[in-house]
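Worksheet for the structure shown next.
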């Protein structure tokens, strides 16, 4: 980024290309004027702005500029969010005229790292290999043979014990929590990651199952401004529906096996 003019120009270019979201990363390495320009230009173009929350100053700058959502729990092995950040979040969520402040913690990849490392059998699930050539499958398998050696996971043992506390801080601060994943990181496949995130929320963090399901369906439609079309099963909306056999409010992991898929009124499964 090289100044406010370029910041606005890049957002306009992306808006004209048809994106529906602008994501900020490393905004603590930008000037505050640049951050403000990105957020303002995105909002002028009716685009949602999400921002990384890896470091405290990223969060402070994002809140000051008025981003719509933060992603990840962040702050490495810090035991909790600093008090000034929690106060800033509470002040923002109290401003009802601005709508909800959303947060997508993407917590499961870290919570389940040790289990996956020590019990890698589930990584043989054929779902992630579907449509991939054998050469790509072999390359991926080779890349995750020794996860404990990967630089990506070196801080995970110190980060994991802090996650529940940070998650609770966010809930108590008034943000609207969203189910999202970090699919694409080592051992995190798109075909499994959403139900894994739901499972951790419910079975490890004590979130009510219906609250977790809303965080994966209704609230994402709200932040992306498509809640008049999708997000709930309601008259006038697209018939985008999945169904499973059993009670997901008692057994959330049933969502790993979807029995019925309807997309815009057409049944595919």
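Here are the numbers for this structure:
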item: Estimated [θ] at 222 nm from DSSP helical runs (n ≥ 4, -39500 (n - 2.57)) normalised by residues in the chain, nearest 500; result: -12000 deg cm²/dmol
item: Ascending count of other beta-carbon atoms within 10 Å, so fewest first, for 171, 46; result: 46, 171
item: Added length on full extension, which subtracts the Cα-Cα distance from 0.36 nm per residue, residue 5 to residue 84; result: 25.3 nm
item: Of all DSSP beta bridges in the chain, antiparallel share, percent nearest 5; result: 30
item: With 5 Å bins from 0: P(r) over the range 72-235, alpha-carbon pairs, percent; result: 1, 8, 15, 18, 18, 15, 11, 8, 4, 2, 0
item: Histogram of C-alpha separations across the range 89-142, 5 Å bin width, %; result: 4, 14, 14, 13, 12, 10, 6, 7, 10, 8, 1
item: Stretchable slack from residue 26 to residue 145, in nm (0.36 nm times residue separation minus alpha-carbon distance); result: 39.8 nm
item: Rg in Å to one decimal, and Dmax rounded to a whole Å, for the range 1-143 via C-alpha atoms; result: 19.0, 52
item: Likely footprinting exposure, 60, 149, 159, fewest C-beta neighbours within 10 Å first; result: 149, 60, 159
item: The chain: relative contact order in percent, alpha carbon pairs under 8 Å with at least 6 residues between; result: 14
item: Cα centroid separation, the range 153-170 to the range 46-68 (Å); result: 20
item: Value of D in µm² per second that Stokes-Einstein yields for the range 152-250, Kirkwood Rh from Cα pairs, at 37 °C (0.692 mPa s); result: 214
item: Exposure proxy order (Cβ contacts within 10 Å, fewest to most) of 121, 235, 71; result: 235, 121, 71
item: Spin-label zone in the range 167-199 - amide nitrogen under 11 Å from a point set 7 Å from the Cα of residue 135 along the C-beta vector; result: none
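Every read-out reported here was derived from the displayed coordinates using simple, explicitly stated rules and does not represent laboratory data. Note that the structure is predicted; figures quoted are calculated from it, not measured. Every residue, glycine among them, receives a Cβ derived from its backbone with ideal geometry; neighbour counts consider all protein chains shown.
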